[in-house]
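Take a look at the structure below.
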Amino acid sequence: MSVPTFRPMTTPHQTIDPNGDLDIYARKSVARKGQRDTELSVDQQISDGIRWAKWNGYTPRHVWVDHGISGSKDVKRPGYDAGLNALETGEIRCLWSYKLDRFSRRGALAVLTIMERLEGRRIFFGADNLDTSEQKDRRMIMWRAEDAKEFSDQLSGRVSDSWRYSKDQGYWLAPRVPYGLSKTKGRKLVADHTPAIPGQSDGPTKADVIRRIVSQLAEGATAPTIAKRLTAESIPCPSGGNWSPQYIYRVVKNPAYIGLQPSSNWFERDDPIHRDAEGRRVSVGESLVSEAEQMRARKAVKGRTKLMGEASSPARRGVRSVPRHLLSGLLHCAGCGRKMVRRGMSYNCTHKTNGGRPCDAPASVMAEYAEDFVFAAFVNRLITGRPDDALKLAVADRWVATHRPDAVSERKGLAEQVENAKAALRDLLDARYKRGEFSGPAAEYFPGLLAEAEETVRAAERALNGLPEPTADISFLFEAELILEAWEAATEEERRGLLALALDGVCVRRKFGAGRTKVTADRFHYAWAGYTRLVDLPKPE
């Protein structure tokens, strides 16, 4: 039983004779702005192909055209694929292309692969007068293929270098400017002081709206609530209609609002900030809000957002609750591991309050006693630890991450550059020694690519090693009197933040015995930062 051949569903640009034995492939790239268009038109290429076919005893069948598609990028080219498929399946004896660089700009290795796959069949490049069926032409075809690739790489490199240079200089390159900002003639971003409500010069400006969004998110307001408020006040959104929660979420992540250059596809990245070759963040102009304020707003959004799967965004499912109690989210029931919630005067296992999956030993503890015990354990653990205690190191790291997010983000970005460079080097070595991609004529290109990849790794490591470790003075956290002073002056949210520096969670066991019993310290087990979670709860007496 023969295996059917599946052909691409591509309609020919032109059919000359359905019974012909030669197909013509033509391609024309999109001319770049400011670049002189010297490419031969598609109609001229087709005319030359028909003329060559008749002179050489062929009957033209189909004409395949790819218009405005690059020959150097790894993108789908329907006409190119259809022509090669017709040649490979024996529908035609010859495929004609005007020039080698019209056929492919992907280099010798790509063309060599095609020639080996189509052994016994013929591709003719008209203007180059090169024939894949002629052994004497093959070396020249490979040279010309490399020349075409080199030209394409240089052109692409010049465009890419220009774009990268402009981005590194802090120029705003995107055609659209974020709401609340405007672009100067020097391509820098500044606050947009035009009225947010058209015609109301005494009302809020667009820059004021952005500041308001960030401030209200940081204070605990939800994105849908803010969107409804803005719409109700007749403030049009950037597109002119009603505000949406999705746009509100983008505001708290866009680096442009803190005066920094966004990376490409910034909204999909964990670190949305663009960095130059040295790993430094780049200023793009005036900031509307401080980085610390934007980080607080982002943290508030994350704290009340439940993500449904890896591809979810905050806009897809929001949990409209903000922690209101000191130990919310920190206490866990030892009987089932679920978080405890406060109802009335006590923190309780959710089975006890909401039902659902049964808990064999639902915990419940008076809030007053739980908060006193946890705070006392927090203070005692910090002031009694050694200087090299893993907990103190973890507390310092978390303090820096909370209060100096710019330094942490910069270091994280450089570390990612090192990992990406090493991954590229590993892939190159795998290509050479595992997949055998640099064999034959392509082997001469491997040493240069290897040297380039190794230098990229070394440059990334130098940039990372040259960045000083961020530090902060947190000595007040290791003296009881200073901790108490800070605690008394802190808000409930700030107190939760202090506990979170040292605690990942507190496990509470159900009380021992029946009736009213005294709350004792052995009912609490603490998961301290920097330590492996080993839960060894005491047995009931």
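The values are calculated or read from the model by the stated rules, or taken from the named source; none is laboratory data. Since this is a predicted model, take the numbers as computed values, not measurements. Neighbour counts are summed over all protein chains in view; Cβ atoms, including those assigned to glycine, are modelled from backbone coordinates with ideal geometry.
Side notes on the structure shown:
- If the condition is being hydrophobic (A, V, I, L, M, F, W, C) and not in a helix (DSSP H, G or I), then region 205-245 contributes Ala221, Ile235, Cys237, Trp243.
- Selection status of Ile248, assigned to a loop (DSSP other than H, G, I, E, B), in contact with a helix residue (DSSP H, G or I) (Cβ under 7 Å, 6 or more places away or on another chain) and on the phi < 0 side of the Ramachandran plot: no
- Under the condition of being outside any helix (DSSP H, G or I), surrounded by 13 or more Cβ atoms within 10 Å (Cβ to Cβ) and of a type in the set (D, E, K, R), the residues counted in region 425-461 number 1.
- Condition check for Gly170: over 26 Å from the mean Cα position of the chain (by Cα) and either in a loop (DSSP other than H, G, I, E, B) or aliphatic (A, V, I, L, M) (or both): no
- Residue check for Gly57: at pLDDT 85 or above, in a loop (DSSP other than H, G, I, E, B) and closer than 22 Å to Asp128 by Cβ: yes
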